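Step one of this worksheet: look at the structure below.
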Amino acid sequence: MDKLQHKRAQELKTVTEMIGIYCRDIHKTDGINLCSECQELLDYVEKRVAACPRMEEKTFCSACNTHCFAPNRRERIRMIMRYSGPKMIFHSPILALKHKLTEWFAI
Ligand SMILES: [Zn+2]
């Protein structure tokens, strides 16, 4: 797997996990299946990440200035990240740490 593919996979994994935490806590789902609203958002994010033209230079889609996310989706994903970000530290410390490092150093 090349570096770019790895980055895409890493980003998707983090986003999937964050949406999962949010959906389970806020929408009271079982933690395995997402509600239709969150599933739809995740599908959207997957498409955006797969099509991202700036994968190499940017950090995360949530921290990117390209605005390839429609404003309402962007707002939702930011809300989810604000909620789930701090919780990720407990759920999966390594992934959360990687997310932070990616944001800070764009590795
Ligand atoms: Zn949900």
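Readers should treat all values here as calculations from the given coordinates under stated rules, not as data from a laboratory. Note that the coordinates shown come from a computational prediction; the quantities given were computed from them, not determined experimentally. When we count neighbours, we look across all protein chains shown, and the Cβ atoms used for this are built from the backbone with ideal geometry, even at glycine.
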**Prompt:** Along segment 39-45, what does the Karplus equation 6.51 cos²θ - 1.76 cosθ + 1.60 (θ = phi - 60°) give for ³J(HN,Hα), rounded to whole Hz, x for Gly and Pro?
**Reply:** 4, 5, 5, 5, 4, 4, 4
**Message:** As a footprinting exposure proxy, order K7, K98 by other Cβ within 10 Å, with the fewest listed first.
**Reply:** K98, K7
